[in-house]
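All remarks here apply to the structure that follows.
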Amino acid sequence: MPSPSVVLATGSYDHTLRFWEATSGSCYRTIQNPDSQINRIEITADKRLIATAGNPHIRVYDVNSNNPQPLSTYEGHTGNVTALGFYKDSKLMFSGSEDGTVKLWDLRTKNFQQEYESRAAVNSVVVHPNEEELVSGDQNGNVRVWELSKGSCSCELVPEIGTAIRSISVAYDGSLAVAANNNGTCFVWRLLSKTGSVTHFEPLHKLAAHQGYILKCLISPDLQHLATTSSDKTIKLWSLENFELKQTLKGHQKWVWDCVFSVDAAYLVSASSDCTACLWDLSNGDAIRVYSGHGKAVCCVCLNDAAVDLES
């Protein structure tokens with residue numbers, strides 16, 4: 001199977017992972033997840049592997065194969081896995097779960113190497129670009145920074161007591177962090193760090209973004225915009241310069257759970273409970289492609305359209 005230049009995939013409550021041709025909208029591969037819905041998916045930078053987070057397993061598949069079986073299954077969580085990602089040249093993986101833990105995995109061993117206790121269901125985990133810290137958000141409203149070299153929590157923030165943090169995003173250059181909560185609010189921090197020291201979070205802005213839950217917040221690759229998706233069926237784009245609303249993308253009929261930018265930040269793909277994913281042209285706010293085929297809510301989407309050095 002040839003390696004696609006663009007990898008676009010969605011995961012659903014119908015227990016399937018689907019791969020799509022981004023331009024035509026056709027599904028070219030479907031993988032059945034045997035025992036649970038798919039909560040989160042992530043593609044490695046080299047477009048070779050895709051990980052799925054289920055309940056309670058993590059499975060890793062070969063992107064460039066028709067083999068429906070996973071290359072590896074990672075067991076250790078005891079609840080829904082709600083977050084995952086790769087780091088250290090995709091040799092390592094992190095995950096977060098409703099079991100209240102954040103775990104670190106070596107892809108070669110299948111066993112978790114480190115575990116952090118969040119003491120509440122974990123809803124979101126991201127890696128800082130320095131790859132020395134993870135940032136997590138949990139159901140009790142805590143934002144925690146985990147220092148990987150010391151295996152401990154180096155910072156704890158509670159933006160709004162008792163209000164669940166749904167999503168966390170850190171800018172690719174490590175300059176900003178955003179946490180979004182169940183009250184429709186985004187909290188923005190400027191990140192300050194010195195060599196050899198933990199990252200300091202300096203409050204920058206509080207943004208009342210939606211009337212309903214925010215389900216995903218994401219800083220664009222060009223650092224110009226913040227995208228937020230919500231239970232109010234919309235996606236909103238905010239200026240990171242002045243935090244003014246730039247666009248509201250309307251078209252989904254139910255909750256919008258997830259979104260991802262193209263590498264040039266010109267397009268965005270969203271995933272919704274209306275069983276579809278949509279490709280949006282951000283130059284005019286139009287939905288230019290709808291990806292239909294799932295039988296239940298589409299709760300996660302991932303896209304890798306970056307150029308890859310095949311010699312590496």
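The values are calculated or read from the model by the stated rules, or taken from the named source; none is laboratory data. Just so it is clear, the structure is predicted and the values come from calculations on it, not from any experiment. Don't worry about glycine lacking a Cβ; one is built from the backbone with ideal geometry, like all the others, and counts go over all protein chains shown. The protein model used for the area step is the full one, side chains on, heavy atoms only, and it has no ligands, DNA or RNA in it. Shrake-Rupley method; radii C 1.70, N 1.55, O 1.52, S 1.80 Å.
Report the semi-axes of the equivalent ellipsoid for the chain in whole Å, largest first, where each axis is √(5λ) for an eigenvalue λ of the Cα gyration tensor.
Working: eigenvalues 138, 117, 69 Å².
For the chain, the ellipsoid semi-axes come out as 26, 24, 19 Å.
Going through the cross-link list 216/236; 47/103; 233/296; 250/296; 103/150; 206/236, which pairs have a Cα-Cα distance over 18 Å in this structure? Mind dumping the intermediate values first?
On the way: 216/236 11 Å; 47/103 23 Å; 233/296 16 Å; 250/296 20 Å; 103/150 14 Å; 206/236 16 Å.
Among 216/236; 47/103; 233/296; 250/296; 103/150; 206/236, the Cα-Cα distance tops 18 Å for 47/103; 250/296.
What number in nm² do you get for the stretch 91-236 if you take the convex hull of its Cα atoms and divide its surface by four? Intermediate results must be reported in sequence, preceding the final value.
Numbers: hull surface 35.2 nm².
Average projection, Cα convex hull of the stretch 91-236: 8.8 nm².
Leaving out ligands, DNA and RNA, and with a 1.4 Å probe, what % of the accessible surface on the chain is carbon or sulfur? Write out the running numbers ahead of the final one.
Working: 6170 of 13270 Å².
Answer for the chain: carbon and sulfur cover 47 percent of the accessible area.
Under the √(5λ) rule applied to the eigenvalues of the Cα gyration tensor, what semi-axes describe the equivalent ellipsoid of the stretch 12-87? Give them in Å, descending.
Values: eigenvalues 81, 39, 27 Å².
Each semi-axis is the square root of five times an eigenvalue, giving 20, 14, 12 Å.
Just the number please: accessible area per residue for the stretch 28-168, 1.4 Å probe, all protein chains included, in Å².
Values: 5630 Å² over 141 residues.
Counting only protein heavy atoms, the per-residue value for the stretch 28-168 is 40 Å².
Select from 14, 274, 46 the residue whose mean-square fluctuation is largest in a Gaussian network model of the chain (Cα-Cα springs shorter than 10 Å).
Largest GNM mean-square fluctuation: 46.
Just grab the label-to-label distance for residue 88 and residue 28, each label 7 Å out from Cα along the Cβ direction, in nm (one decimal).
Label at residue 88, label at residue 28, 3.3 nm between them.
Expressed as a whole number of Å, what is the distance separating the alpha-carbon centroids of the stretch 227-269 and the stretch 56-125?
After rounding, the separation between the Cα centres reads 27 Å.
Hey, what does the equivalent ellipsoid look like for the stretch 1-137, semi-axes from the Cα gyration tensor as sqrt of 5 times each eigenvalue, largest first, whole Å? Can you show the working numbers first?
Working: eigenvalues 122, 54, 36 Å².
Ellipsoid half-lengths, sorted descending, are 25, 16, 13 Å.
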